[in-house]
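Structure, as structure tokens:
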Amino acid sequence: MARKSSSSSSSSSSLRHVIGCVLGTALVVQLVSVWITTTGGEAPKQGARNKEVVPPPPQGLDRRLFERPTVAYAVSVTKDGSYMDGAAVLAHSAVRVHRFGKSRYDVDLVAFVAPGVSGEGRSQLRACGYRVLERGLPLGIEKIEGAYLRERIESNGCCGAWELLKLYSWTMTEYHRVVHLDMDALVLGNLDELFDEPPWSGGVKALYTYDWTMARPPWGKNPPTQGGFIVAKPDLATFDGMVEVVRRGDFRNGKGWGGTGAGTYWGGMTIQGLVPYYFEKLHPGTGRAVDNCVYNNMANNPKSVGGFGKGECRDGRDECEDCRLVDVETVKTTHFTICQKPWGCTSASHLSCPYCPLCAKFHGLWFEIRRELEVEWGTYSADRYSGDAAERQGMCGRRRDGQRGYVPLPIDLLVENSTYGRRWRASWQPTVAFSTEAHVI
């Protein structure tokens, strides 16, 4: 029996050797074919300048053998505004956790822009590394069949119906996953665990966090999703299905989507209510909530009464984790809602409010990452930042020239001169470039 096993092992090894030789020979033949096609089969003539030729992967071979999956970080821009510094720093915070071997995934940046966003705004987004894609509403308001929804969706939540731009995340099938964030968010850690297969088993198409601050009694029932953090598995059928739900418009007064209670809160007619309704009510098991103290941490109170340890847990459990008290090192993404926007220069370091200590740390990290970005852009100058708020890198507070307040990023320099930021872009942009022209669906 031992002799037979040895013979079988030897035959298997020989077979693997033969297959390896055949595949290797085929690869060499295809590479030679590409060289002949691109050079005419002639060696460079003496004295001729060498022109670098980078051939594409040989025809017949799967390009995926030469590439890593790409994850896109997306934002939605509904109008011009004071968000551009947030978009720029968010972009760098995402890029920096992917490059130099820190992630198993390549990275790209996408901005869905409404038709009303100006050319100047689009140019600034491109300068900050975003692939700018114009998108209209997924469907016209007049096409919504339900009168209650049709007459109210435009004034619902922060952005009305334009919040539905986020649905286009599911249309981006050229990407492995799409992380849609609000522009007042910041990526602080590697998110590979959200892109790998285990969280997506069983047909999951979306990961998100709950917004317990917006929840209503009975606690733990029908929580809203937090629209500033969604990880989408691109799938056109999912996009079409969600648009169809909006088109039918079955949103009932006091009872929400389909009378289920989903959406009976601020922003519930769009993303905050549509996402839990679609992925948990209509298609149970296709959406999954992740830890909101790790992802999309907003330094929010988990209980129904202010302060610490008072009232009931909004998630319906007997005990609930307080995201205001976690170690900042454990947070993967934060969202400046309760903490306010860093570029507002609102100091939290000296206040005694329950969320202030963690907010001060988040603000400090935002300014650190902003400074790092500007150094890599080649636009940083210490003389510009003489503010007396050291924890804000001198970018806030009273400056030597007597001025005070926030000093904006010099994004216009990148728009005017593409040499700025070139090294930064080269450190992460995919080798296979996508078109940055505007597209309309």
Residue identified as β-branched (Val, Ile, Thr), modelled with pLDDT of 95 or more and closer than 13 Å to VAL290 by Cβ among THR209, THR238
THR209
Looking at LEU274, is it farther than 17 Å from TRP170 by Cα and either surrounded by fewer than 24 Cβ atoms within 10 Å (Cβ to Cβ) or at pLDDT 95 or above (or both)?
no
Checking GLY129, GLY116, GLY140 in turn, the sole residue that is modelled with pLDDT of 50 or more and in contact with a Leu (Cβ under 6 Å, 6 or more places away or on another chain) turns out to be GLY129
Please work out if HIS335 is at pLDDT 95 or above and under 26 Å from the mean Cα position of the chain (by Cα).
yes
Taking segment 390-426, which residues are over 17 Å from ASP85 (Cβ atoms), part of a helix (DSSP H, G or I) and either within 25 Å of the chain's Cα centre (by Cα) or touching a residue at least 24 places away in the same chain (Cβ under 8 Å) (or both)?
GLU391, ARG422, ARG423, ARG425, ALA426
Matching option when the condition is farther than 28 Å from MET298 by Cα, in the same structural domain as GLY268 (by TED's automatic domain parsing), modelled with pLDDT of 95 or more and surrounded by fewer than 16 Cβ atoms within 10 Å (Cβ to Cβ), among GLU134, GLU154, GLU145
GLU145
Residue check, VAL246 under 26 Å from LEU149 (Cβ atoms), at pLDDT 95 or above and either not assigned by TED's automatic domain parsing to the domain that holds ILE141 or not in a loop (DSSP other than H, G, I, E, B) (or both)
yes
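The values are calculated or read from the model by the stated rules, or taken from the named source; none is laboratory data. Source: prediction; values computed, not measured. Virtual Cβ from ideal backbone geometry, glycine too; neighbours counted across all protein chains shown.
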